[in-house]
Each structure stands twice: as C-alpha cells, then as structure tokens.
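Visitor: Questions regarding the structure given below will be posed in turn.
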Amino acid sequence: MIHLVYRMKLTERSRRDQKAFWAWLEQRERWFYRDLPMVREVRWYYSVVGDVYVLENWAAFEDEAAWGAYRKALAGLKSEAAWESERVTQDDWWEFLDTRIVTDPPVPVGFRAAALPAT
C-alpha cells in the first residue's frame, strides 16, 4: 500500500468553533472522496500533544498506478468550477503544513489487537 499523508494546522476559526469544524470535516470527507474510488482507505489523526491542533489525513492506494489515477482524477475535478469552489473552502478551516508519501514495509510487521469484550 501507498499512503499519501497531509498534515494541516487548524485555523483560528476551527479552534474557536470545534463543533462546526468537525461537522464540516465529516461532510467534506464524504464529498471529497465520493468520486475517487481508487482511494482504498482514509484515516485521520489529531495531535493532542506536541504539535497541537494538527490534523493528519492518510489516504491509502493499492499501488503507484492507483495513486497516479488519483492525481489525474483530482486534476480533472479541480478544473470544474463548482467542485473547485467547494474545495477551496478548506482554507477557512486549515493551513497545509506538508505532504509526504509513505509505503508499507516489505514484510508483514505490525498488528491490531482484538477488542476487549465489554464488561
């Protein structure tokens, strides 16, 4: 798997109105990824120690071809005025810090523990 990772710092608006921000993010995720079927999984991480108010978005792709298809599809969507107008509203909510691409290691390491039964 290939993971495209974006790190964003929440704007003052987001920090002041967290309820509105999280509602916007839920809606945006549904809207943004609906026409991007090559994205296999999306994960979000919110930093609470260290770089506070920093959000990470991890989008997973099967391989480099799928990531290339994503870039091509995104370029097409950005050329649509209505779509692009909606996309740029993100600037009200966060500021992009950086982007990177990571890949899974070539050996099966890592695990996810089974959930503990409810008591």
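The values are calculated or read from the model by the stated rules, or taken from the named source; none is laboratory data. Since we're looking at a predicted model, the values are computed, not measured. Cβ coordinates were reconstructed from backbone atoms using ideal geometry, including for glycine residues, and neighbour counts include every protein chain displayed. What goes into the accessible areas is simple: the full protein's heavy atoms, side chains included, and nothing from ligands, DNA or RNA. Shrake-Rupley method; radii C 1.70, N 1.55, O 1.52, S 1.80 Å.
To keep it simple, each residue is scored yes or no on (1) under 22 Å from E84 (Cα atoms); (2) among the hydrophobic types (A, V, I, L, M, F, W, C); (3) without any contact (Cβ under 8 Å) to a residue 40 or more places away in the chain.
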position	(1), (2), (3)
I2	no, yes, no
E12	no, no, yes
A20	yes, yes, yes
V54	no, yes, no
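Visitor: Give A118, A59 a once-over and let me know the one that is on the phi < 0 side of the Ramachandran plot and free of Cβ contacts under 8 Å to residues at least 40 places away in the same chain.
Guide: Sole residue among the options that is on the phi < 0 side of the Ramachandran plot and free of Cβ contacts under 8 Å to residues at least 40 places away in the same chain: A118.
Visitor: What about V54, is it of a type in the set (V, I, T) and open to solvent by less than 40 Å² (accessible area, probe 1.4 Å)?
Guide: yes
Yes or no, residue by residue, for (1) assigned to a strand (DSSP E or B); (2) surrounded by 12 or more Cβ atoms within 10 Å (Cβ to Cβ):
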position: M8; (1), (2): yes, yes
position: R13; (1), (2): no, yes
position: K19; (1), (2): no, no
position: E29; (1), (2): no, yes
position: R43; (1), (2): yes, no
position: A75; (1), (2): no, no
position: T89; (1), (2): no, no
position: V109; (1), (2): no, no
position: A115; (1), (2): no, no
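Visitor: So which residues in the stretch 45-65 are under 21 Å from D104 (Cβ atoms) and outside any loop (DSSP other than H, G, I, E, B), if there are any at all?
Guide: Scanning the stretch 45-65 gives Y45, E56, N57, W58, A59, A60, F61, E64, A65.
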